[in-house]
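Engineer: Mind looking over this structure? Questions follow.
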Amino acid sequence: MDPSQVEVPPLKDLTIDNITDNVKLINSQCPNPRLKYLLERIVQHLHDFARETRLSSDEWMTGLLFLTAVGQICTDVRQEFILLSDILGLSLLVDSIDHPKPPASTEGTVLGPFHSHEAESAPNGSQIAHDPDGEPCLVLCTIKDTQNNPIEGVKIDIWETDSKGFYDVQYAGREGPDQRAVMHTDKEGLFWFKAIVPVPYPIPHDGPVGKLLVQLKRHCYRPSHMHFMFAKEGYDHLITALYLRGDPYETSDAVFGVKESLLIDLGTVNAEQAKQYGVKEGDKLMTYDFVLVTEEESRKLREKNALEATKKLGLKMKLWNGLPVPDVD
């Protein structure tokens, strides 16, 4: 930007005590109130962190090199920054704030670093997993709204690991997507497919995030689960997963994704179901009734929560495009 086209407030005599106010001052002419507010708060918190911890130059450089390494390992099929956000609990926090759920609706959880847009569309009843070592599992699910009405035409993105705990994208030389698919609900809000029983697995730990976990004396395992992502115009976007109750990592998920409402027990396919769905009697059975909220329901709850939360912090705020900004009028 041409310096002659902006009015920059004078900065001088910068010290530990006044640097924060000066940085906020020079950013204060931002015309976007939400961006201005976000930058003001992140500067305040980062500077307070440095002052509180008496951050050393060596520690600061270590942090910068760590973030550099996180970026360098990212690829189209591996997002180390998402993984870092996950293990710090930030992913779950942001999802919970941005996609609040009223009672009796399905809660969200973390996306994880291995979602892929390669999944192929598949009709109901498809076999989405082809691992011969996986334990067969029939998945029968419905999607309804908060008034218990079935929702037709919901796009469902599904993905899980193989029986060894690896996603398809983790294999070099793979021929195409597996253990994943995109489906749509029928007029009864039903979708069903043939998969394998989820297994626990480690998140990628050969990179900087894995090294950080070692330093923190934390394990890198996730409990057994299957991912689901739902999209339909007029409904709040939902990223969630179903977790197997009793998994050894149920209470210590490396990315904090488990919620009580998302824990399930696997059933067993009976003779009638085996005949109806073309599977073997005795196979494992996963069932769940998902409940989506409308965009309007989510918006109202998000705005209500935002104003209540900021009021508790003693902040005078108003909403701008549905998000809180300082109320300076």
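The values are calculated or read from the model by the stated rules, or taken from the named source; none is laboratory data. Computed from a predicted model, the values in this text were never measured in an experiment. Please note: Cβ atoms are built from the backbone with ideal geometry, for glycine as well, and neighbour counts cover all protein chains shown.
Engineer: Among all residue pairs at least 6 apart or on different chains, which show Cβ distances below 6 Å where the first residue, located in region 68-86, is of a type in the set (S, T, N, Q) and the second is in a helix (DSSP H, G or I)?
Structural biologist: 85/91
Engineer: For region 60-92, enumerate the residues that are under 27 Å from residue 19 (Cβ atoms) and either exposed (fewer than 11 other Cβ atoms within 10 Å of the Cβ) or not assigned by TED's automatic domain parsing to the domain that holds residue 207 (or both).
Structural biologist: 60, 61, 62, 63, 64, 65, 66, 67, 68, 70, 71
Engineer: Test residue 36 against the stated conditions and say whether it is among the basic types (Lys, Arg), surrounded by 14 or more Cβ atoms within 10 Å (Cβ to Cβ), within 30 Å of the chain's Cα centre (by Cα) and outside the structural domain of residue 212 (by TED's automatic domain parsing).
Structural biologist: Judged against the criteria, residue 36 is a match.
Engineer: Going by the structure shown, is residue 256 surrounded by 15 or more Cβ atoms within 10 Å (Cβ to Cβ), assigned by TED's automatic domain parsing to the domain that holds residue 195, within 26 Å of residue 124 (Cβ to Cβ) and out of contact with any His (no Cβ under 7 Å at 6 or more places or on another chain)?
Structural biologist: No; evaluated as a whole, the condition is false for this residue.
Rundown of residues vs (1) over 25 Å from residue 237 (Cβ atoms); (2) under 24 Å from the mean Cα position of the chain (by Cα); (3) not in a loop (DSSP other than H, G, I, E, B), yes/no style:
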site: 67; (1), (2), (3): yes, yes, yes
site: 104; (1), (2), (3): no, yes, no
site: 108; (1), (2), (3): no, yes, no
site: 111; (1), (2), (3): no, yes, no
site: 119; (1), (2), (3): no, yes, no
site: 123; (1), (2), (3): no, no, no
site: 130; (1), (2), (3): yes, no, no
site: 134; (1), (2), (3): yes, no, no
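Engineer: Could I ask something else about it? Would you check which residues across region 193-248 are among the basic types (Lys, Arg) and free of Cβ contacts under 8 Å to residues at least 12 places away in the same chain and list them?
Structural biologist: Scanning region 193-248 gives 211, 217.
Engineer: Same structure, new question: Could you look through region 221-251, keep only residues that are basic (Lys, Arg) and over 17 Å from the mean Cα position of the chain (by Cα), and pick out the one that is surrounded by the most Cβ atoms within 10 Å (Cβ to Cβ)?
Structural biologist: Once the filter is applied, the top-ranked residue is 232.
Engineer: Tally up the residues in region 71-115 that are farther than 16 Å from residue 204 by Cα and touching a Gly at 6+ places or on another chain (Cβ under 8 Å), please.
Structural biologist: Looking only at that region, the number is 6.
Engineer: If you don't mind, there's one more thing I want to ask. Name, by its number, the condition in (1) assigned by TED's automatic domain parsing to the domain that holds residue 118; (2) more than 30 Å from residue 257 (Cβ to Cβ) that does not hold for residue 23.
Structural biologist: All conditions pass for residue 23, except number (1).
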